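Shown below is the structure under consideration.
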Amino acid sequence: MAEDGDDGGFLAMDLGSSDSESGAAPEVKVPRDFQSQEDYEAQKASWKPTVDDGELFKTIKLPLTNPSKPEFQTIIHAIEQLYFYDRFREASELAEKALEGDLEGDYRKAVVKYHERCVAQLEEWGSVQWGSPQ
């Protein structure tokens, strides 16, 4: 055991001192969401809108082996874009290419579900053609 005169150790903390006593200038706290007008103007000048033209699938290199979550989300968003624009054949083909890769359980299930939906839409329209139902 430590001797009584020993000043070190866990219980020898000095809880009475503060920054104001040590002579350090108090730090001014800036709100976390603060942005100066100059910073705002610079950010505003550099901002450009994102144009969604349904061509996200062109940026993906398939098949992917064990994709990360962001890569998988990009695949799903690309399939969803094509589906939204009634380009079911392209969405189906993209899903097939994605399924050629090594996808984990839930990822594989999601892509299979989208593929099935695209095939169902193509069958409903009675054609392999793109465009609206006849």
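Which condition from (1) closer than 22 Å to GLU124 by Cβ; (2) in contact with a strand residue (DSSP E or B) (Cβ under 7 Å, 6 or more places away or on another chain); (3) not aliphatic (A, V, I, L, M) is the one that ASN66 breaks?
Evaluating ASN66 over (1) closer than 22 Å to GLU124 by Cβ; (2) in contact with a strand residue (DSSP E or B) (Cβ under 7 Å, 6 or more places away or on another chain); (3) not aliphatic (A, V, I, L, M) leaves (1) as the failure.
Does region 51-89 hold any residues that are closer than 10 Å to HIS115 by Cα and in contact (Cβ under 8 Å) with a residue 40 or more places away in the chain, and which are they?
PHE88, ARG89
Let me ask something else. Which ones in region 36-60 are surrounded by fewer than 10 Cβ atoms within 10 Å (Cβ to Cβ) and farther than 17 Å from GLN81 by Cβ?
Hits for region 36-60 are SER36, GLN37, GLU38, LYS44, ALA45, SER46, TRP47, LYS48.
Could you tell me which residue of region 118-134 is modelled with the highest pLDDT, considering only residues that are part of a loop (DSSP other than H, G, I, E, B) and surrounded by 12 or more Cβ atoms within 10 Å (Cβ to Cβ)?
Among those residues, the one meeting the criterion is SER127.
Hey, which of the helices (runs of 4 or more DSSP H) in region 1-101, taking only ones fully inside, have at least 1 residues that are at pLDDT 90 or above, within 21 Å of the chain's Cα centre (by Cα) and hydroxyl-bearing (Ser, Thr, Tyr)?
69-84
The values are calculated or read from the model by the stated rules, or taken from the named source; none is laboratory data. Predicted model, so just to flag it, every value in this text is computed and none were measured. For neighbour counting, all protein chains shown are included, and Cβ atoms are generated from backbone atoms with ideal geometry for every residue, glycine included.
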